[in-house]
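Engineer: First, the structure itself, so that you have it in front of you.
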Amino acid sequence: MLTKIREKAQGAFAWGILIIICVPFALWGIQNYLGAGKEPPVASVGDREFYQQDVNRAYEQYSQNLQGMNIDEQMLKAQALEKLIKDEVLLQYVHAEGLVTTDNKAREFIKSLEYFQVDGKFDEKQYKALLNSQRMTSAEFVSRIKNALMMEQFQRSIIDSSFATQYDVESFFKIQNQQRDVDYVIVPAQQPAEQPSEEEVAAYYQQHQDLYKVPEQVSVEYVELSLDDIAKTIEVTDEKLKAFYEEQRDQYTTPERRKISHILFAINDKTDEKTALEKALQAKKELADKDFSTLAAEVSDDKLTAKTGGDLGLFTAGTMEKEFEEAASSLQLGEVSEPVKSPYGYHLIKVTELVPGEVKSFEAVKAELTKSYQKAQAENAFYESGETLSEMSYENPDNLQTVADALGLTIKKSTLFTRDNGEGIAGDPKIRSAAFSEDVQQGNNSTPVELGDDRLVVLRMLEHKVAATRDLSEVKQDVIAALLRDKAKQQATEKAQQVKSRLQAGESIDAVAAENKLEVKKMTGITRGDRELPWQLNQAIFKAAHPVGGKPTIFTTALPSDDQVVASLSKVKEGVMTEDDKKQLELATKNIARAFGQNEFSALLNSLQAEADISVKPQIQAQN
Amino acid sequence: MAIYDTEEEQVEALKRWWKENGTSTIAGLVVGIALILGWNYWQSHKKEQAAQASALYDQLLTATDAGNKESAEKLAERTKEQFGTTKYALYSGLVQAKLKVQQGDLAVAKQILEGLAAKSDDELSHIARIRLVRLMLATGEHEQGLEVINKVDPASSSGFSVTYDELLGDLYVALDRRAEARTAYQNALRNGSQSPLLQLKIDDLTAPEIIQTQK
């Protein structure tokens, strides 16, 4: 129970946060300006009007959170509108209350949003780009965030200030940990030995027609365009592959890694070109018995790199003077160049690290290359064929053969499936919903159905079976079985009633049980979470009235097997906190307080909504 | 209006008019400008006050959340003192009541909530009243609790009725008036209460069978 409350609480709060984050992206304001004058609003709260676009957008966000679940679109839209209204009511209230969000808080919040972060840090560019893509100015966005934070602040005011007293906590455990003592017998449902008569069978079948219904079913024929299939048909010649390889060479190349150091002999006001060159040549000689980096530290005029032995880091082509580059890229590892002239002066260059680049040979990557070549080529063909598929299946709505021939596709067939269930291609809900769409039901081709990025399907109806009731001859065995089950259940129920009446009259359960050859089970201290008993029985035990005046409460309940239980509840013991509960007392108090707070907050929202001036266009309500 | 013959006469008339009315015109202008400036100042002052209150109150929420009771208490007191005209003062009162309950000082908590129930707007007064009754339930003042709820105008409390009904049920259970408790709980359930414990409470009040058959 405790965890249930907790889950509930957390769920609701998380949902709240989600809304807070989603709402700012809902583009309310803009849509309204666009919508004004063109269409009447679908709903209004005070001065605020909502248009169909607002609802659609809210619905999109709403349905994204429920992806994969098959929920009716109209219902979700109605819920989305309800949510919009609820939020708006709250927003107007917190405004009227005079709540504000400080600039600082809004800023900090926006910075903490992952949307706008690059490598875990707020990124101005990312922020601007995202807002641009939503066609929103920063001011608008900030004001929306402020509103959302204001609403959250108010929500916390109510929920976080809620408390649970010692009495509340004790009451909770009194009920939650309650224990009950019960004696019970199980009256088994025994099937009668004799078979039911033909008349009985017929009558039962007539009365229970709905049990023997078959839902509406269809099967479809379809053509499928798949990127993989197209890719397999792309012809590959060594020639084409080689050309492709040249294009993609970069992908198969690891560039050379070359690290260089230098010593500079600058040409400036004090030193003319000749002197610089002489110094450079002199230095080169000294290198015979001196380390390059030591010398760099001593004599290099490039003071920045001198400290690190003249290190210039990784050498990248295109950043230095031409002469310098030529010298740098032709040196062997460890070799020192002759003096090289640049506008700065004369350089001695040394390669300190050299990992040669590698190009994977054509043969080595051929298999990989073939695949990506085929895929790249197929993408165009897939796109073009997709267009053709779309056009031709639309222009020839009464058959698939034309388009299949044109694209060289084979027509495949599905087995029968219902709206809710299917196998093979009909396992996909998109396919099922297309198959049951109005267009297809009228005998036309469907519009292309996208399955993922790389499959397109067009289908048409093959066979249509309307919902029907199966014939008695077909289901006779089922009917007989059901009849027997019914009889058994009825018998058990009647017997259970007799036992119950006798127990209520004050007879002892042991005596009555013995007479009926039933076994009495005596349980003491049953708790709500008890797993020893079937849960239906546990439920019934805790729903039974307290015994009054020392007389046990007698009640019956059915088990899923149709067996009937007659039980006698003799004692209800108030729950107390277990040692485990005591250890978690603080958490329990917190959770109960939170549940109270959630309740109060939702009551407050309801109250605001009842008082607010809300109008909703009738047809939306009707769909609700 | 008189018609003047010469320019001198006109100038003369203007001078006269100015002599008679100049002071009051200037005074009027000065007062007008002062009013506009004052109004602007007042608005921005109010905005600034609200922003400060909001920031202080956020600190209070954070302190409460972290279980830092001492500083929470001080922050609540400060919010009430410095920003008594904002709603943040009222919210701080709610938080203060919670802090008192956590310290076991139900009497002071009750006082605070009584004050809030009396002076705040409709919604907040309902919240305060609901919490007040919960305290009365805890201190055994059951009849007083019933009285508080009975005084609530049902027309103004439609949204809160489920919460009041559940509380009513709790009070009746404490008074061992089980039938009334059952009715109150069922009202709450029927009106869409989301309280997780409510169903258990109802189940625990199942009427003995004789009464059931009479229904």
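The values are calculated or read from the model by the stated rules, or taken from the named source; none is laboratory data. These numbers come from a predicted model, not from an experiment. Cβ placement follows ideal geometry from the backbone for every residue including glycine, while neighbour counts extend to all protein chains displayed.
Engineer: With the structure loaded, tell me whether A:Glu170 is within 28 Å of the chain's Cα centre (by Cα), within 11 Å of another protein chain (Cβ to nearest Cβ) and surrounded by fewer than 18 Cβ atoms within 10 Å (Cβ to Cβ) or whether it fails that test.
Structural biologist: For A:Glu170, the condition - within 28 Å of the chain's Cα centre (by Cα), within 11 Å of another protein chain (Cβ to nearest Cβ) and surrounded by fewer than 18 Cβ atoms within 10 Å (Cβ to Cβ) - is not met.
Engineer: Picking from B:Ala53, B:Ala34, B:Ala66, which residue would you name as being over 21 Å from A:Asn147 (Cβ atoms), within 13 Å of chain A (Cβ to nearest Cβ) and not β-branched (Val, Ile, Thr)? Can you show your working first?
Structural biologist: On the way: B:Ala53 fails: over 21 Å from A:Asn147 (Cβ atoms); B:Ala34 fails: within 13 Å of chain A (Cβ to nearest Cβ).
Checking each option against the conditions leaves just B:Ala66.
Engineer: Also, I was wondering about something else. Only one of these is away from every other protein chain (no Cβ under 14 Å), touching a residue at least 24 places away in the same chain (Cβ under 8 Å), of a type outside the set (A, V, I, L, M) and out of contact with any Pro (no Cβ under 7 Å at 6 or more places or on another chain): A:Glu198, A:Glu216, A:Glu235. Name it.
Structural biologist: Answer to the selection: A:Glu216.
Table: residues versus (1) among the acidic types (Asp, Glu); (2) free of Cβ contacts under 8 Å to residues at least 60 places away in the same chain.
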{"position": "A:Gly309", "(1), (2)": "no, yes"}
{"position": "A:Glu321", "(1), (2)": "yes, yes"}
{"position": "A:Glu335", "(1), (2)": "yes, yes"}
{"position": "A:Thr352", "(1), (2)": "no, no"}
{"position": "A:Glu368", "(1), (2)": "yes, yes"}
{"position": "A:Ala378", "(1), (2)": "no, no"}
{"position": "A:Glu387", "(1), (2)": "yes, yes"}
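Engineer: Filter segment B:111-151 down to residues that are under 18 Å from the mean Cα position of the chain (by Cα) and either within 12 Å of another protein chain (Cβ to nearest Cβ) or buried (at least 23 other Cβ atoms within 10 Å of the Cβ) (or both), then give me how many there are.
Structural biologist: 18
Engineer: A follow-up question, please. Given B:Leu198, B:Leu175, which one is touching a helix residue (DSSP H, G or I) at 6+ places or on another chain (Cβ under 9 Å), closer than 19 Å to A:Ser602 by Cβ and aliphatic (A, V, I, L, M)?
Structural biologist: Numbers: B:Leu175 fails: closer than 19 Å to A:Ser602 by Cβ.
Sole residue among the options that is touching a helix residue (DSSP H, G or I) at 6+ places or on another chain (Cβ under 9 Å), closer than 19 Å to A:Ser602 by Cβ and aliphatic (A, V, I, L, M): B:Leu198.
Engineer: Could you tell me whether segment B:119-139 includes any residue that is farther than 24 Å from A:Tyr93 by Cα and either of a type in the set (Gly, Ala, Ser) or at pLDDT below 90 (or both)?
Structural biologist: Filtering segment B:119-139 for residues farther than 24 Å from A:Tyr93 by Cα gives B:133-139.
Subsequent filtering for residues that are either of a type in the set (Gly, Ala, Ser) or at pLDDT below 90 (or both) retains B:138.
Yes, the conditions are met somewhere in segment B:119-139.
Engineer: Can A:Ala129 be described as at pLDDT below 90, under 41 Å from the mean Cα position of the chain (by Cα) and not aromatic (Phe, Trp, Tyr)? Explain how you work it out, then say what you get.
Structural biologist: Numbers: at pLDDT below 90: yes; under 41 Å from the mean Cα position of the chain (by Cα): yes; not aromatic (Phe, Trp, Tyr): yes.
When the stated conditions are applied, A:Ala129 passes them.
Engineer: Here's something else I'd like to know. Looking only at segment A:265-300, count every residue that is surrounded by fewer than 18 Cβ atoms within 10 Å (Cβ to Cβ) and part of a loop (DSSP other than H, G, I, E, B) and tell me the total.
Structural biologist: The total comes to 7.
Engineer: Check A:Val475 against each of (1) buried (at least 18 other Cβ atoms within 10 Å of the Cβ); (2) farther than 28 Å from B:Leu197 by Cα and name the one condition it does not meet.
Structural biologist: (1)
Engineer: Can you tell me which residue is surrounded by the fewest Cβ atoms within 10 Å (Cβ to Cβ) among those in segment B:167-178 that are more than 17 Å from B:Arg131 (Cβ to Cβ) and more than 12 Å from every other protein chain (Cβ to nearest Cβ)?
Structural biologist: Within segment B:167-178, the match that is surrounded by the fewest Cβ atoms within 10 Å (Cβ to Cβ) is B:Leu175.
Engineer: Can you say whether A:Glu152 is of a type outside the set (S, T, N, Q), assigned to a helix (DSSP H, G or I) and either more than 13 Å from every other protein chain (Cβ to nearest Cβ) or touching a helix residue (DSSP H, G or I) at 6+ places or on another chain (Cβ under 6 Å) (or both), as far as the supplied structure shows? If you could, list the steps in order and put the result at the bottom.
Structural biologist: Working: of a type outside the set (S, T, N, Q): yes; assigned to a helix (DSSP H, G or I): yes; either more than 13 Å from every other protein chain (Cβ to nearest Cβ) or touching a helix residue (DSSP H, G or I) at 6+ places or on another chain (Cβ under 6 Å) (or both): yes.
For A:Glu152, the condition - of a type outside the set (S, T, N, Q), assigned to a helix (DSSP H, G or I) and either more than 13 Å from every other protein chain (Cβ to nearest Cβ) or touching a helix residue (DSSP H, G or I) at 6+ places or on another chain (Cβ under 6 Å) (or both) - is met.
Engineer: Sticking with this one: Does segment A:174-183 include one or more residues that are under 36 Å from the mean Cα position of the chain (by Cα), buried (at least 18 other Cβ atoms within 10 Å of the Cβ) and touching a residue at least 24 places away in the same chain (Cβ under 8 Å)? Write out each step before concluding.
Structural biologist: Let us first name the residues in segment A:174-183 that are under 36 Å from the mean Cα position of the chain (by Cα), namely A:176.
Keeping just the survivors that are buried (at least 18 other Cβ atoms within 10 Å of the Cβ) gives A:176.
Okay, now just the ones that are also touching a residue at least 24 places away in the same chain (Cβ under 8 Å), so A:176.
Checked segment A:174-183: at least one residue is under 36 Å from the mean Cα position of the chain (by Cα), buried (at least 18 other Cβ atoms within 10 Å of the Cβ) and touching a residue at least 24 places away in the same chain (Cβ under 8 Å).
Engineer: Still on this model: Go through the residues of segment A:593-609 one by one and say whether even a single one is in contact with a His (Cβ under 8 Å, 6 or more places away or on another chain), within 14 Å of chain B (Cβ to nearest Cβ), among the hydroxyl-bearing types (Ser, Thr, Tyr) and surrounded by 20 or more Cβ atoms within 10 Å (Cβ to Cβ).
Structural biologist: Filtering segment A:593-609 for residues in contact with a His (Cβ under 8 Å, 6 or more places away or on another chain) gives A:603-604, A:607.
Okay, now just the ones that are also within 14 Å of chain B (Cβ to nearest Cβ), so A:603-604, A:607.
Subset that is among the hydroxyl-bearing types (Ser, Thr, Tyr): A:607.
Checking the rest, the ones that are also surrounded by 20 or more Cβ atoms within 10 Å (Cβ to Cβ) come to A:607.
Yes, there is a match, as at least one residue in segment A:593-609 is in contact with a His (Cβ under 8 Å, 6 or more places away or on another chain), within 14 Å of chain B (Cβ to nearest Cβ), among the hydroxyl-bearing types (Ser, Thr, Tyr) and surrounded by 20 or more Cβ atoms within 10 Å (Cβ to Cβ).
Engineer: On to the next question. Take the conditions under 23 Å from A:Asp272 (Cα atoms), modelled with pLDDT of 80 or more and assigned to a loop (DSSP other than H, G, I, E, B) and apply them to A:Glu338. Does it pass?
Structural biologist: Details: under 23 Å from A:Asp272 (Cα atoms): yes; modelled with pLDDT of 80 or more: yes; assigned to a loop (DSSP other than H, G, I, E, B): yes.
Against the criterion (under 23 Å from A:Asp272 (Cα atoms), modelled with pLDDT of 80 or more and assigned to a loop (DSSP other than H, G, I, E, B)), A:Glu338 qualifies.
Engineer: Additional query: Can you tell me which condition A:Thr556 does not meet? The list is (1) in contact with a helix residue (DSSP H, G or I) (Cβ under 9 Å, 6 or more places away or on another chain); (2) more than 10 Å from chain B (Cβ to nearest Cβ); (3) closer than 30 Å to B:His126 by Cβ; (4) hydroxyl-bearing (Ser, Thr, Tyr), and all the others hold.
Structural biologist: (3)
Engineer: Sticking with this one: Go through segment A:515-624 and tell me which helices (runs of 4 or more DSSP H), entirely inside it, have 3 or more residues that are of a type in the set (Asp, Glu). Quick ask: steps written out before the conclusion?
Structural biologist: Details: elements: A:535-543, A:579-583, A:585-611, A:618-623.
Because the criterion is at least 3 residues that are of a type in the set (Asp, Glu), the helices (runs of 4 or more DSSP H) in segment A:515-624 that meet it are A:579-583, A:585-611.
Engineer: Could you give me the residue pairs with C-beta distances under 7 Å whose first residue belongs to segment A:339-350 and is touching a residue at least 24 places away in the same chain (Cβ under 8 Å), whose second residue is among the hydroxyl-bearing types (Ser, Thr, Tyr) wherever it lies, and which are 6+ apart or on separate chains?
Structural biologist: Going by the 7 Å Cβ cut-off, the qualifying pairs are A:Pro339/A:Tyr346; A:Leu348/A:Ser337; A:Ile349/A:Ser337; A:Lys350/A:Ser261.
Engineer: Could I ask something else about it? Out of A:Gly549, A:Gly525, A:Gly529, report the one residue that is in contact with an Asp or Glu (Cβ under 8 Å, 6 or more places away or on another chain), exposed (fewer than 12 other Cβ atoms within 10 Å of the Cβ) and within 30 Å of A:Val169 (Cα to Cα).
Structural biologist: On the way: A:Gly549 fails: in contact with an Asp or Glu (Cβ under 8 Å, 6 or more places away or on another chain); A:Gly529 fails: in contact with an Asp or Glu (Cβ under 8 Å, 6 or more places away or on another chain).
Testing whether each residue is in contact with an Asp or Glu (Cβ under 8 Å, 6 or more places away or on another chain), exposed (fewer than 12 other Cβ atoms within 10 Å of the Cβ) and within 30 Å of A:Val169 (Cα to Cα) leaves just A:Gly525.
Engineer: Then there's this: Quick one: which of A:Leu211, A:Leu227 is out of contact with any Gly (no Cβ under 6 Å at 6 or more places or on another chain), modelled with pLDDT under 90 and buried (at least 18 other Cβ atoms within 10 Å of the Cβ)?
Structural biologist: Values: A:Leu211 fails: buried (at least 18 other Cβ atoms within 10 Å of the Cβ).
Of the residues listed, the single one that is out of contact with any Gly (no Cβ under 6 Å at 6 or more places or on another chain), modelled with pLDDT under 90 and buried (at least 18 other Cβ atoms within 10 Å of the Cβ) is A:Leu227.
Engineer: Also, I was wondering about something else. Exactly one condition in (1) in contact (Cβ under 8 Å) with a residue 60 or more places away in the chain; (2) part of a loop (DSSP other than H, G, I, E, B) is not met by A:His262; state its number.
Structural biologist: Of everything listed in (1) in contact (Cβ under 8 Å) with a residue 60 or more places away in the chain; (2) part of a loop (DSSP other than H, G, I, E, B), A:His262 misses just condition (2).
Engineer: Pull up segment A:156-167, narrow it to residues that are buried (at least 21 other Cβ atoms within 10 Å of the Cβ) and in a helix (DSSP H, G or I), then point me to the one that is farthest from the other protein chains (Cβ to nearest Cβ).
Structural biologist: Selected residue: A:Ile159.
Engineer: Can you work out which of the residues in segment A:40-82 that are within 24 Å of the chain's Cα centre (by Cα) and at pLDDT 85 or above is surrounded by the most Cβ atoms within 10 Å (Cβ to Cβ)? Lay out the reasoning, then the answer.
Structural biologist: First, the residues of segment A:40-82 that are within 24 Å of the chain's Cα centre (by Cα): A:53-82.
From the residues that got through so far, the ones that are at pLDDT 85 or above too are A:81-82.
On the way: A:Leu81: 25, A:Glu82: 16.
Among them, the one singled out is A:Leu81.
Engineer: So, in segment B:45-92, of the ones that are aromatic (Phe, Trp, Tyr) and assigned to a helix (DSSP H, G or I), which residue ends up surrounded by the fewest Cβ atoms within 10 Å (Cβ to Cβ)?
Structural biologist: Quick first cut of segment B:45-92, residues aromatic (Phe, Trp, Tyr) only: B:57, B:83, B:88, B:91.
From what is left, the residues that are assigned to a helix (DSSP H, G or I) are B:57, B:88, B:91.
Details: B:Tyr57: 26, B:Tyr88: 29, B:Tyr91: 30.
Residue satisfying both the conditions and the ranking: B:Tyr57.
Engineer: Then there is this: Select, from A:Lys571, A:Lys582, the only residue that is farther than 30 Å from A:Ala481 by Cα, more than 9 Å from every other protein chain (Cβ to nearest Cβ) and either crowded, with 18+ Cβ neighbours inside 10 Å or in contact (Cβ under 8 Å) with a residue 24 or more places away in the chain (or both). Please lay out each step first, then the result.
Structural biologist: On the way: A:Lys582 fails: either crowded, with 18+ Cβ neighbours inside 10 Å or in contact (Cβ under 8 Å) with a residue 24 or more places away in the chain (or both).
It is A:Lys571.
Engineer: Every residue in segment A:520-560 that is of a type in the set (Ser, Thr, Tyr) and either modelled with pLDDT under 90 or touching a Leu at 6+ places or on another chain (Cβ under 9 Å) (or both), please. Break it down stepwise before answering.
Structural biologist: Residues of segment A:520-560 that are of a type in the set (Ser, Thr, Tyr), as a first pass: A:524, A:527, A:553, A:556-557.
Result: A:Thr553, A:Thr557.
Engineer: I've got another one for you. Mind listing whichever residues of segment A:94-125 are under 16 Å from B:Ser54 (Cβ atoms) and either hydroxyl-bearing (Ser, Thr, Tyr) or not in a helix (DSSP H, G or I) (or both)? Let's see the steps before the verdict.
Structural biologist: Quick first cut of segment A:94-125, residues under 16 Å from B:Ser54 (Cβ atoms) only: A:94-109.
Correct list: A:Glu97, A:Gly98, A:Leu99, A:Val100, A:Thr101, A:Thr102.
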